[in-house]
Amino acid sequence: MSPAARELVRGDDGLARCPWGTSTPDYAAYHDDEWGRPVHGDVEIFERITLEAFQSGLSWLTILRKREGFRDAFAGFDIAAVAAFGDADRARLLADARIVRNRAKVDAAVVNARAAVALVDADGPGALDRLVWSFAPARRGRPRSLSEVPPKTPESLALSKDLKRRGFVFVGPTTMYAAMQAMGLVDDHLQGCHVPPASG
């Protein structure tokens, strides 16, 4: 990415956006309406963790455009339903062109659902939400350019370690930082971006 592409870009609508949020209408809508907005709820958190794991090594645009297919294939990301998936479900998912057909990532989604069920069984509804948000760092100023946005942070490393300890997989610190950005635990919209700061 060139230095110029690391700064705010003004779209045809006159609004200043983070540079990645201007390349396609899908990205613009996601940037404006979802990314960096607080996400709460066990199902909602599980969905974001699952999709970030599937994104690993791919463009987020690929996941974004397949998101409805993922939601349908994974029972709306109902944690108990996914935790109960067996061999027939795995075969079904690996044959479903609406999602990313990666055996390790499909298996990870089921493993993580089972870990989430255990967490909720132990600590009650909202346990996954509370756990993830307990790693939200103190609010800081927005970055001036993408060069100031880290690939991972001490908080994402700590979250990754805690989730792994509880049996989650495909939750490395870089993946978890991307999830933290997406779920609004951190606000990495650039200074001057038209999207207003959100409170958690």
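Figures for the structure shown
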{"quantity": "Test: VAL132 is in contact (Cβ under 8 Å) with a residue 60 or more places away in the chain, in a loop (DSSP other than H, G, I, E, B) and surrounded by 14 or more Cβ atoms within 10 Å (Cβ to Cβ)", "calculated": "no"}
{"quantity": "Filtered residues of the stretch 153-194 (kept if under 26 Å from ALA28 (Cβ atoms) and in a loop (DSSP other than H, G, I, E, B))", "calculated": "MET183, GLY184, LEU185, VAL186, ASP187, ASP188, HIS189, LEU190, GLN191, GLY192, CYS193, HIS194"}
{"quantity": "Single residue of the stretch 130-147 satisfying the filter (modelled with pLDDT of 95 or more and not basic (Lys, Arg)) that is nearest to ASP188 (Cα to Cα)", "calculated": "PRO143"}
{"quantity": "Long-range neighbours under 9 Å by Cβ, at least six apart or interchain, first residue closer than 13 Å to ALA109 by Cα within the stretch 39-55, second assigned to a helix (DSSP H, G or I) and acidic (Asp, Glu)", "calculated": "ILE45/ASP129"}
{"quantity": "Any hit, the stretch 151-159, residues being polar (S, T, N, Q) and either touching an Asp or Glu at 6+ places or on another chain (Cβ under 9 Å) or at pLDDT 95 or above (or both)", "calculated": "yes"}
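The values are calculated or read from the model by the stated rules, or taken from the named source; none is laboratory data. Keep in mind that what you see is a predicted model, and the values were worked out from it rather than measured. A quick note on method: Cβ atoms are made from the backbone with ideal geometry, for glycine too, and the neighbour counts reach across all protein chains shown.
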